[in-house]
Amino acid sequence: MLPCHIAIIMDGNGRWARARKLPRVAGHRAGMKTLRTIVHHAINIGLKWLTLYAFSSENWSRPADEVQCLLSLLKLFIYHDLTKLHANNVRVHVIGNRSNLAKDIIALLHQAEMLTEKNTGLDLVVAFNYGSRNEIVRAVRKIAIDIISGKITGDDITDTLLASYLDTAKIPDPDLIIRTSGEMRLSNFLLWQAAYSEFSFVPCFWPDFSVSDFEETVASFYARERRFGNLKRSDSIREVAL
């Protein structure tokens, strides 16, 4: 048995490289190998949804050569891996702000989604140029436009309606969010969607994250009791008895 949706913050590529006295781009290339391994494993075990935090809206502030490396790896992933993903019945979704991206990048993202849109296996969500606060702001703007146009009224606004305007409108909230590198924060990732997610902060850097680490994290997820704001089952039974 698996969670329906696992999301991963792939953190620590730069520190992995620095520990080995390598340039940061070497860490990103090593991280790409891990990404392929984990996606392949997710396909094999029948996971339904996997979201990967590939490039945040804040990553543009990094050194230009590092940004170019990350963009090159995205292009390589689509050129090199998309055919394999499609052959494995993977459907690719991309979330994030596309309004300020170069046309060639937008075209690649669109190509990945269109080629795989009818696939029914793993739903692979790539968060690219993504920031949760920006996502929420864009959703609120769209809601405001629809109120002005008369499509909806202020009384129609609920958490369900707002969620329907987010990039993740047709994507289930993550059951489990994993972050590598030992950092214990979300870094502007799925802030709305993570309201009742379980978290696992893994100490190893992303290039060292293995299938065994993945399996151990999933196993720990099942040792937890998810209550979604309710009482523990044992507490409920005790209150009924009283």
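Remarks
- Verdict on D65 being on the phi < 0 side of the Ramachandran plot, surrounded by 14 or more Cβ atoms within 10 Å (Cβ to Cβ), at pLDDT below 95 and charged (D, E, K, R): no
- Residue selected from the stretch 91-105 under the condition out of contact with any helix residue (DSSP H, G or I) (no Cβ under 6 Å at 6 or more places or on another chain) and modelled with pLDDT of 95 or more, by the criterion most open to solvent (accessible area, probe 1.4 Å): H93
- The number of residues in the stretch 1-28 that are open to solvent by 50 Å² or more (accessible area, probe 1.4 Å), within 19 Å of the chain's Cα centre (by Cα) and not hydrophobic (A, V, I, L, M, F, W, C) comes to 0.
- On inspection, D123 qualifies as closer than 24 Å to M32 by Cβ and not polar (S, T, N, Q).
- Residue within the stretch 126-148 that is part of a helix (DSSP H, G or I), touching a residue at least 40 places away in the same chain (Cβ under 8 Å), open to solvent by less than 70 Å² (accessible area, probe 1.4 Å) and more than 28 Å from L162 (Cα to Cα) present: no
- Checklist (1) under 18 Å from I95 (Cβ atoms); (2) of a type outside the set (D, E); (3) open to solvent by less than 30 Å² (accessible area, probe 1.4 Å) applied to F221, failing item: (1)
Residues checked against (1) among the hydrophobic types (A, V, I, L, M, F, W, C); (2) at pLDDT 95 or above; (3) out of contact with any Phe, Trp or Tyr (no Cβ under 8 Å at 6 or more places or on another chain):
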residue	(1), (2), (3)
T120	no, yes, yes
V137	yes, yes, yes
I143	yes, yes, no
D155	no, yes, yes
S164	no, yes, yes
A169	yes, yes, yes
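- Look at the stretch 1-23: where a residue is at negative phi and a partner is among the charged types (D, E, K, R) and surrounded by 23 or more Cβ atoms within 10 Å (Cβ to Cβ), sitting 6+ places away or on another chain with Cβ atoms under 7 Å, you get I9/R179; D11/R179.
- Out of T158, T116, T168, sole residue that is open to solvent by 60 Å² or more (accessible area, probe 1.4 Å) and of a type in the set (S, T, N, Q): T158
- Test for H93: is it assigned to a strand (DSSP E or B) and under 18 Å from the mean Cα position of the chain (by Cα): yes
- Scanning the stretch 184-198 for residues that are at negative phi and surrounded by 15 or more Cβ atoms within 10 Å (Cβ to Cβ) gives L186, F189, W192, Q193, A194, S197, E198.
- Selection of first residues in the stretch 181-202 that are under 13 Å from S132 (Cβ atoms) and of second residues that are open to solvent by 70 Å² or more (accessible area, probe 1.4 Å) and assigned to a loop (DSSP other than H, G, I, E, B), restricted to Cβ pairs under 6 Å at least 6 apart or on distinct chains, gives the following pairs, ordered by first then second residue: Q193/D173.
- All of (1) closer than 20 Å to H41 by Cα; (2) open to solvent by less than 60 Å² (accessible area, probe 1.4 Å) hold for S57 with one exception: (1).
- Residue list for the stretch 76-90, filter: of a type in the set (S, T, N, Q) and either on the phi < 0 side of the Ramachandran plot or crowded, with 17+ Cβ neighbours inside 10 Å (or both): T83, N88
- Look at the stretch 213-227: where a residue is touching a residue at least 12 places away in the same chain (Cβ under 8 Å) and a partner is among the small types (G, A, S), sitting 6+ places away or on another chain with Cβ atoms under 9 Å, you get F214/A42; T217/S200; V218/S200; S220/S200; F221/S200.
The values are calculated or read from the model by the stated rules, or taken from the named source; none is laboratory data. Fair warning: this is a prediction, and the values are worked out from it, not measured in the lab. So basically every Cβ, Gly included, is an ideal-geometry build from the backbone, and we count neighbours across all protein chains shown. Surface accessibility is based on the protein's heavy atoms, side chains included, excluding ligands, DNA and RNA. Shrake-Rupley method; radii C 1.70, N 1.55, O 1.52, S 1.80 Å.
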